[in-house]
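**Q** Here you go, one structure.
The values are calculated or read from the model by the stated rules, or taken from the named source; none is laboratory data. What you see is a predicted model; the values in this text were computed from it and never measured. Positions of Cβ are generated from backbone atoms using ideal geometry, with glycine treated the same way; all protein chains shown enter the neighbour counts.
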Amino acid sequence: MHFERRDSIYRYVFLLFAIFLLMNMSGCASIVSGTTQQVTIKSMPEGAAVTIAGRAYGNTPVTATLDKKTDQVVTLEKEGYKTETFPLKTTLDGWFWGNIVLGGVIGSTTDGISGAVNEYSPDQYFITLTPTTPKEESDSERKKREAKVFIISNYKSIMEDVAASKGQYIDSLLNLLNVNAPEDREGSIIKIKKLSSEIMDIPDFADSVISQVGKYNQAAQ
């Protein structure tokens with residue numbers, strides 16, 4: 001009976017050691033987060049050719065599955081527009097610290113080699129392309145363009161103002177949307193709040209706000 005109990009303890013210790021060794025060899029960040037990550041790139045206007053680290057990924061909007069590496073450079077090209085180039089920003093994956101505690105030096109080194117130690121942050125980009133030859137645009141076209149850029153750049157602050165039904169960000173947005181009449185203000189804010197709960201993608205949300213809340217046609221009449 002004594003020997004059976006001792007054998008059971010040995011088997012339990014051996015199992016724990018095997019799990020510990022597996023985590024050392026594989027790396028926690030590799031197991032939990034993986035060595036790849038999806039990154040979404042959109043542009044205004046759409047249809048720009050996307051190249052990442054010299055590899056073509058099609059035309060915007062693009063969602064690419066990328067190896068987690070540092071120094072990844074994105075290039076956007078579209079006829080009639082200036083070429084845009086920017087690096088993908090990376091941060092240290094939170095699981096790397098768990099890896100040091102649980103997996104030790106060997107595990108953390110493994111993650112460094114595989115790239116799992118890195119995490120793309122942000123993982124979504126929206127780029128406004130600049131025409132090589134600026135074209136004349138109407139006042140309504142200009143305001144639509146400015147409204148989209150404003151919404152995407154200040155989304156969080158706009159949502160805070162919408163929740164409070166007041167604030168400088170919602171005031172600026174309503175002005176860009178040509179919502180000037182006091183009687184239209186409350187209904188427009190309610191509509192924006194509803195759209196924000198229905199559409200999670202910020203550029204798509206911006207397009208919907210512009211098309212459903214903006215009063216550009218009325219302004220032109």
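**Q** Looking only at the range 173-187, decide whether some residue is assigned to a helix (DSSP H, G or I), surrounded by 15 or more Cβ atoms within 10 Å (Cβ to Cβ) and either assigned by TED's automatic domain parsing to the domain that holds ILE41 or under 24 Å from the mean Cα position of the chain (by Cα) (or both). Talk me through it step by step, then tell me what you get.
**A** Within the range 173-187, the subset assigned to a helix (DSSP H, G or I) is 173-176, 182-187.
Still in the running and surrounded by 15 or more Cβ atoms within 10 Å (Cβ to Cβ): 173-174, 176, 184-185.
With either assigned by TED's automatic domain parsing to the domain that holds ILE41 or under 24 Å from the mean Cα position of the chain (by Cα) (or both) added as a condition, the list becomes 173.
Yes, some residue in the range 173-187 is assigned to a helix (DSSP H, G or I), surrounded by 15 or more Cβ atoms within 10 Å (Cβ to Cβ) and either assigned by TED's automatic domain parsing to the domain that holds ILE41 or under 24 Å from the mean Cα position of the chain (by Cα) (or both).
**Q** Here is a further query. Failed condition for ARG145, given (1) at pLDDT below 90; (2) over 22 Å from GLY47 (Cβ atoms); (3) outside the structural domain of VAL50 (by TED's automatic domain parsing); (4) in a helix (DSSP H, G or I), with all others met?
**A** Single failed check for ARG145: (2).
**Q** Still on this model: What is the number of the single condition among (1) at pLDDT below 90; (2) under 30 Å from VAL162 (Cα atoms) that THR90 does not meet?
**A** (2)
**Q** Something else about it: Of everything in the range 65-83 that's at pLDDT 80 or above and crowded, with 17+ Cβ neighbours inside 10 Å, which residue is farthest from THR130 (Cα to Cα)?
**A** We begin by selecting, within the range 65-83, every residue at pLDDT 80 or above; these are 65-67, 72-83.
Retained after the next criterion (residues that are crowded, with 17+ Cβ neighbours inside 10 Å): 66, 72, 74, 76, 78, 81.
Working: LEU66: 27, GLN72: 22, VAL74: 16, LEU76: 11, LYS78: 10, TYR81: 5 Å.
Per the stated criteria, the residue is LEU66.
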